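One structure is given below, encoded as structure tokens.
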Amino acid sequence: MALAGAVAAVQSLPGCGRSRSPLQRGRITFGSFADPALDVLKEVLLPEFEKATGIPTEWVEADFSGWLQKALSDGQTKAGSFDIYVLDDLWVPRFAGAGYLANLDEMGFHTDQDFVPTALDLGYWPPKVGLRQPGLDPKAKPALFSLPLISDLQLLFYRNDIYSSGPPASWDEVLEMARQKSDPSKRQYGWVSRGVKGNPVVNSYFVLLHDFGGKIFGEDWKVVFNSPQAIESLEFYLNLLSYAPEGVAEFDSDQEGETLLQGNAFAATMWTGWCGQTDDPTKSRVVGKIDFAVPPKKINQIAKLGLFMAGIAASAPNKAEALEFLRWFSSSPTQLKFARAGGTPFKISAFNDAEARKKSRWLDAIFKALLLGVPSPRTSDWSKIEDILGTELNKALIERGGAKEHLDAAAAEATAFLKSAGYPAG
Amino acid sequence: MLPLLLIAPTAIFALAVTVLPLGYTVLASLQEFPLVRPPAFVGLQNYQNLLHDANFRGSLGTTLLFTVSATGIEFVLGLVLALLLKEEFSLQGIIRSTLIIPMVIAPVVVGIIWRLLYNTDAGLFSFVIQSLFGTNLSVLSSTTLALPALILVDIWEWTPFMFLILLAGIQSLPQEPFEAARVDGASPWNIFLHLTLPMLRPVIAVALLIRALDAFTVFDQVFVLTQGGPGTATEVATLMIYKTAFRFSQFGYAASMAIFLLVLVAGFSAGVTRAFKERSV
């Protein structure tokens, strides 16, 4: 009944049944999750867009999970409550695959060489590279269904008074520093992480998995996150977490960030949305003492992507206006303004702008990390796999051991699920 | 014809808000909604999968444990409080009002309050344990403590509800049998056991039923406090349904879980109602 209720609830959302006279420009209704990283867009860029084009805008937001529910319901019922969906990049396969997003190529949107390629690629469906979900035409040409909105990814945040000679180049250096300088009696910890089951712990572990040479899926969707490299990476992670605060298995982003900003941890891989807070004396006790870098290296060196994307709803009542916004926002001059106002852009020229870099000293690290970025696997079933893996990772964190057993258990469950969902996993 | 016409608006409204969504959910439970393909009718496949789903069985077990423990303890505490506070005394109003405060706080806010209390680094529980035993206590990341911690939150929030219903029931009991028992020299314990409890049976049945049904569908506190973790220690059925539908987009499977839960809850309420009716006869 709740499911049916959710569908019905969409009808009462703002924007439903909007109409306008032929002379009026339609109001663009954005649907989004709430996140401080969107503040510059909402407070600086949207008023400028309205002034420049005469197109009014409306911003409707909910918490992360709540917005996903609303957006899925809107897409499913074609209610047309929103013109632009703000999406986590891992939702793109679900929304594009289900036909909830308008095809931007068909609408006449043209990309240019100034886009950071790793950011732009996230907007295509089927994906431009990598595995294709069963049920998709193997010959289907990738089409653009969404554009980057905010370049969010996981950077290494580290204390420059602890790592006085610059960022740690390798994971072994991080462990060694944690071993040498951690002092729990003074609440000084070498590392802090998110340990909550599901998405948080998987995102924290994802970088280590790849850096140690592991992967989530091999050929034909074979689950390989229990490979020897993956086991080694989890054992390393558990070892590193012995220098983290007690109870890290229950930490989500808020507690992780708080631990770092209170000066209790030396380093962490965190979402770039936290960068601005490190220099805010009302939120940080270590102003100026936190620097940013691409996460360290083992065999590989990657950064976990988690970009905010924007797609036009297939049922949007104001598609032309929404497209106009995307063109305007993704243009290089607007991206420059966005970066100079403190936003995180997705155009190369904006990242290279000296004034923008001065305003946001973390932009250089974000740009470098973006080029090494790896996204979540491009399948609409990733959330299920993430939940399975995240539950076992969380158990390993609580037990502070059993890396192989937990990864094997997760791999077996994930394989069974994938087979039942029609994947050739074996 | 006129009576039918008169009742029609109410009947249509009732159909629209109860039967239609229920019917839609039943229909959805017989389908699968793969996002990259059109929806397909799968018959009873979702229900068949449900029977073999160890995670769902586990979540039902957790839900049952949560419901029985929370409702049982809330009943005992509520009854004790109702018996203690049934007589008139000074400050009675203030004490009663204070007792019901937890009940009027939104469950999500309750979750946030307790998340802070249980915080390993700065929470009250951890502070007390640290002061007494010199060690930290990670309540929500302990597979043995997380579920009792959630039960404690439910007890804190909903014992006042049990207390209010039982107090109203006790105060509405006729006084004559109690006076007669006292004149005959019955002890307070015997009066409670042989008069208060039997006479209070219908009220107890309603209170237990309402609380059990509510506890069986607990979601908010679990969502805010543990997200079902650590591991699967607090993964209740409603959370699993929510995740299956809105995180994994398996709407058909989630609908079959919801219907299964509905049947279970309906069967339980019918059983409890019948049991109390039979005993009252």
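Quick look at the numbers
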item	result
Qualifying GluC sites (Glu not before Pro) for region B:64-170 [loop in DSSP, other Cβ within 10 Å: at most 15]	B:GLU87, B:GLU88
Environment charge of A:ALA396, counting only residues whose C-beta is closer than 10 Å and scoring Lys/Arg +1, Asp/Glu -1	-1
Lysines whose Cα lies under 20 Å from that of A:LYS181, excluding same-chain neighbours fewer than 8 positions away	A:LYS289
Sorted largest first, extent of region A:249-292 alpha carbons per principal axis (Å)	28, 18, 18
Packing-based exposure ordering (other Cβ within 10 Å, fewest first) of B:ILE241, B:ILE155	B:ILE155, B:ILE241
Isotropically averaged projected area of region A:81-171, using the convex hull of Cα atoms (one quarter of hull area), nm²	9.4
Rounded Å value of the spacing that divides the Cα centres of region B:151-217 and region A:183-235	53
Links that overshoot a 29 Å alpha carbon limit, given the list A:LYS78/A:LYS215; A:LYS51/A:LYS141; A:LYS70/A:LYS337; A:LYS404/B:LYS243; A:LYS141/A:LYS359	A:LYS78/A:LYS215; A:LYS51/A:LYS141; A:LYS70/A:LYS337; A:LYS141/A:LYS359
Sum of side-chain charges, A:ASP353 neighbourhood, beta-carbon under 15 Å (Lys, Arg +1; Asp, Glu -1)	+4
Those GluC sites (Glu not before Pro) in region A:49-118 that DSSP places in a loop and that have at most 14 other beta carbons within 10 Å	A:GLU106
Region A:348-361 - phi-based ³J(HN,Hα) in whole Hz, Karplus 6.51/-1.76/1.60, Gly and Pro as x	4, 4, 5, 5, 8, 6, 5, 5, 5, 5, 5, 5, 10, 5
Rule-of-thumb Rg ratio for region B:21-62 [Cα; 2.2 N^0.38 Å; N residues]	1.34
Average projected area [Cα convex hull, region A:215-324], square nanometres	11.8
Measure of compaction for region B:158-281 (Cα Rg per 2.2 N^0.38 Å)	1.50
Length released on extending from A:LYS78 to A:GLU43, taking residue separation times 0.36 nm less the Cα-Cα span	9.7 nm
Long-range HN-HN contacts of A:VAL223 with modeled amide H, under 5 Å	A:GLY218, A:GLY426
DSSP beta bridge pairing in the protein assembly as shown, given as percent antiparallel to the nearest 5	70
Exercise: per-residue mean of other protein chain Cβ atoms within 10 Å, A:416-424	1
Residue order, fewest to most surrounding Cβ atoms within 10 angstrom, among B:PHE192, B:PHE75	B:PHE192, B:PHE75
Proxy reagent accessibility, fewest Cβ within 10 Å first, across A:HIS110, A:HIS210	A:HIS110, A:HIS210
Virtual spin-label span in nm between B:ALA11 and A:ARG25, 7 Å along Cα→Cβ	5.4
A:LYS297 paired with B:LEU193, simple spin-label distance in nm, labels 7 Å along Cα-to-beta-carbon	8.0
Under 18 Å from the Cα of A:LYS186 - aspartates and glutamates, other chains or at least 8 residues apart	A:ASP161, A:GLU246, A:GLU256, A:GLU258, B:ASP121
Rounded to 10°, Cα long-axis angle of helix A:64-77 versus longest principal axis of chain A	40
Fraction of alpha-carbon pairs over 19 Å apart in region A:43-128 - percent	52
Overall Cα dimensions of chain B - principal axes, largest extent first, Å	77, 74, 32
Kyte-Doolittle at least -1.0, axis length at least 24 Å by Cα - qualifying DSSP helices, chain B	B:54-84, B:146-171, B:251-280
Alpha-carbon centroids, region B:86-139 and region A:36-109: separation in whole Å	40
Histogram of C-alpha separations across region B:71-134, 10 Å bin width, %	17, 29, 33, 19, 1
Per residue, the convex hull volume that the Cα atoms of region B:1-47 enclose (Å³)	105
The protein assembly as shown: C-alpha pair distances exceeding 52 Å, %	17
Sequence-distant lysines (8 or more away, or on other chains) whose Cα lies within less than 16 Å of A:LYS222	A:LYS384, A:LYS419
10 Å Cβ neighbours from other chains, averaged over peptide A:64-70	2
Cα centroid of region A:289-321 to Cα centroid of region A:328-375, whole Å	12
At 0.890 mPa s and 25 °C, Stokes diffusion of region A:270-426 via Kirkwood alpha-carbon radius, µm² per second	127
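Throughout, read-outs are computed from the coordinates displayed, never taken from laboratory work. Every value quoted in this text rests on a predicted model; they were computed, and no experiment measured them. Quick reminder, even Gly has a Cβ in these numbers, built from the backbone with ideal geometry, and neighbours come from all protein chains shown.
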